[in-house]
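Report on the structure given below.
The values are calculated or read from the model by the stated rules, or taken from the named source; none is laboratory data. Given the structure is predicted, the values throughout are model-derived calculations rather than measurements. Backbone-built Cβ (ideal geometry, glycine too); neighbour counts: all protein chains shown. Note: accessible area is taken over every heavy atom of the protein model, side chains too, but ligands, DNA and RNA are not part of it. Shrake-Rupley method; radii C 1.70, N 1.55, O 1.52, S 1.80 Å.
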Amino acid sequence: MNYTVLLSLLIVCWIRLPVVRCGTRPSFVSDEMIATAASVVNACQTQTGVATVDIEAVRNGQWPETRQLKCYMYCLWEQFGLVDDKRELSLNGMLTFFQRIPAYRAEVQKAISECKGIAKGDNCEYAYRFNKCYAESSPRTYYLF
């Protein structure tokens with residue numbers, strides 16, 4: 001499984017209006033994808049010291065503002081190969097993945113466009129702000145591994 005595709009799936013979650021609820025993963029996030037991502041997830045958890053409860057909180061629509069969680073999100077980007085030479089998020093992999101799921105394509109492109117400019121700060125802050133913006137803009141396509 002391509003890590004770029006897996007990171008694309010970081011940006012994948014299910015919606016229960018009116019609140020973003022990410023506890024249920026979308027049908028296109030398979031058990032195989034979860035298993036393939038496990039070693040990267042474990043490595044990033046170890047590297048950043050993020051608490052599992054913080055990751056689960058994001059899946060349930062809560063956004064703890066811990067430095068560990070913010071850096072965990074950036075670590076995932078790095079490990080999945082979505083960071084460019086400037087150490088900024090490169091979204092080509094996400095867009096490529098969602099080209100295969102036409103029902104989400106326009107929504108994903110809109111969310112990326114809205115969120116790319118919002119993300120400010122150091123690498124960890126940038127990752128956190130982008131993820132939070134994206135989850136709000138496209139809750140049915142966001143999922144944090």
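Using the Cβ-Cβ distance between Ser113 and Arg67 with R0 set to 30 Å, the FRET efficiency works out to roughly 0.60. For the range 51-145, the solvent-accessible area works out to 46 Å² per residue, with a probe of 1.4 Å and every protein chain left in place.
At a 1.4 Å probe radius, carbon and sulfur cover how many percent of the accessible area of the range 27-141? Roughly 47 percent of what the probe reaches on the range 27-141 is carbon or sulfur.
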